[in-house]
There are 2 protein chains.
Amino acid sequence: MPSSPSNQSYHHGSLRAALLSHAMELLDTKGIEGVSIRAVARLAGVAHSAPANHFPNKRSLMSALAARIFNQLENEVLAQMETTSGQRAERVMAFAEAVVAFALTYPHRYRLLWRRESLIDHDAELHSAMEAVYALLIGTIEGEDDEFTTSLETRAIAIWSMVHGYLIMRLDGNLMEKTDELTQAPRHRAIITALLEGIGGGPSGARRDC
Amino acid sequence: MPSSPSNQSYHHGSLRAALLSHAMELLDTKGIEGVSIRAVARLAGVAHSAPANHFPNKRSLMSALAARIFNQLENEVLAQMETTSGQRAERVMAFAEAVVAFALTYPHRYRLLWRRESLIDHDAELHSAMEAVYALLIGTIEGEDDEFTTSLETRAIAIWSMVHGYLIMRLDGNLMEKTDELTQAPRHRAIITALLEGIGGGPSGARRDC
DNA sequence: CTGCTAATATTGACGCTGTCAATTTACGCC
DNA sequence: GGCGTAAATTGACAGCGTCAATATTAGCAG
């Protein structure tokens, strides 16, 4: 009966799913370095070498984990964007809001997404899971006539880069600690605003919130 | 004679500097995971436990390495910015240009700078080395009257985030491969341009280069 | 110049890791 | 019912970071 995970038979039945689940648990509690094949196997109650049947090496396990995390992120972004059907700026802000919220809630999961040394270089499943999130981002800025200096794709990468760069530094506490302790959470809103309005041309508004 | 590294005496003389040098060499050739205390000691020709006298643990070694890398980056940025004494946009571009060039030349060094799990949380030397680069960035955008929607600090973090986010994804090959193979290197110029001109308000120029 | 102390390097051990090989178990299909 | 094969087990290996005990030497006090 493959549907019973706690089966005490020799064969686990659904070990692959159980391994991923325990790996996620370890990732959340102990961080990326805390995820080891042997520890995961221990949690699943199987021998240290049992995972080898489902994941040929550690990177394979971590890649499957990362793909699952990208899928979660996609769902979070989708949910957040359903609450907003407004203008381009609001849609971009909703995207950023969802990613920031996810990363701050599950910092280690978010970090793993970019830990390329721990992942398989061109894993198909992982790649398509990431592309799905990227497609959502494209959806936030396309549709209207594009007469910007930069292309649609460049602007998408710009948004993605900024959100990601901000998060990595915030999660690590670099540069941010002294600033965010004062202004609290919505700093990322100001960051996105800076991107939307530009920082090189001159004043484009009166209100300053951060 | 502490100035002779290849001294065959029992005491190395300048082991700490030699260890850092060999660690940098390993970092460049084998990546972050390739830097191990024992491998570094092997390269230096000392016992596997000799580094413990100079670095209490691995994070201490990696932090010293990262601080040295930040210092190198600071010099690169300084050199690049001396070639440009132009407007704000050109200074920002020069900063980005220097960081991008450094990261593409020494990808593993750049990656280590943000590998917080491998570094000491609040190492003083590392922190001040990073702040020095941050101060250069502040210098690129301050001076003129600030009447932007966002604060000076927010705009600095925005630039830094965008450059960093772009680089991490480009080094990893995420999202970038299919785009950069077409447009080649100067994609990051377009990214910075997007930030300078803004992406939310509407067209602000006619020329489109990427 | 002698002697002592503290710094530095060595050896050895421990538990942990990822990975491989050989073996045992049991499911499912003919 | 037997059998092939997938799945799990045990055991081993080298490499890792770290600690403890030991050996060597540099530098300074007298």
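The values are calculated or read from the model by the stated rules, or taken from the named source; none is laboratory data. Please read these numbers as outputs of a predicted model, since none were measured by experiment. Here Cβ is always computed from backbone atoms with ideal geometry, including for glycine, and neighbour counts include all displayed protein chains. Remember, those area values only see protein heavy atoms, side chains included, never the ligands or the DNA or RNA. Shrake-Rupley method; radii C 1.70, N 1.55, O 1.52, S 1.80 Å.
Quick check on A:Arg59: is it near DNA strand C (Cβ under 8 Å from one of its atoms), surrounded by 15 or more Cβ atoms within 10 Å (Cβ to Cβ), under 16 Å from A:Glu125 (Cβ atoms) and touching a residue at least 40 places away in the same chain (Cβ under 8 Å)? Taking the combined requirement at face value, the residue satisfies it.
Contact map, segment B:30-56: first residue within 14 Å of chain A (Cβ to nearest Cβ) and over 11 Å from B:Arg16 (Cβ atoms), second residue part of a helix (DSSP H, G or I) and acidic (Asp, Glu), Cβ cut-off under 7 Å, separation 6 or more or different chains; pairs are B:Gly31/A:Glu117; B:Ile32/A:Glu117; B:Glu33/A:Glu117.
Among the residues of this structure, A:Ser14 counts as one that is more than 11 Å from DNA strand C (Cβ to nearest atom) and closer than 28 Å to A:His122 by Cβ. Can you find a residue in segment B:33-49 that is within 12 Å of DNA strand D (Cβ to nearest atom) and within 18 Å of the chain's Cα centre (by Cα)? Checking segment B:33-49: at least one residue is within 12 Å of DNA strand D (Cβ to nearest atom) and within 18 Å of the chain's Cα centre (by Cα).
A:Glu76 meets the conditions (1) modelled with pLDDT of 90 or more; (2) under 21 Å from A:Ala190 (Cβ atoms); (3) surrounded by fewer than 22 Cβ atoms within 10 Å (Cβ to Cβ) in every case but one. The failed one is (2). Taking A:Gly165, is it within 12 Å of chain B (Cβ to nearest Cβ), out of contact with any Pro (no Cβ under 7 Å at 6 or more places or on another chain) and open to solvent by less than 40 Å² (accessible area, probe 1.4 Å)? Spelling it out, A:Gly165 is indeed within 12 Å of chain B (Cβ to nearest Cβ), out of contact with any Pro (no Cβ under 7 Å at 6 or more places or on another chain) and open to solvent by less than 40 Å² (accessible area, probe 1.4 Å).
What residue, of B:Ile192, B:Ile159, is closer than 17 Å to A:Leu195 by Cβ, assigned to a helix (DSSP H, G or I) and at pLDDT below 90? Working first, answer last.
On the way: B:Ile159 fails: at pLDDT below 90.
Testing whether each residue is closer than 17 Å to A:Leu195 by Cβ, assigned to a helix (DSSP H, G or I) and at pLDDT below 90 leaves just B:Ile192.
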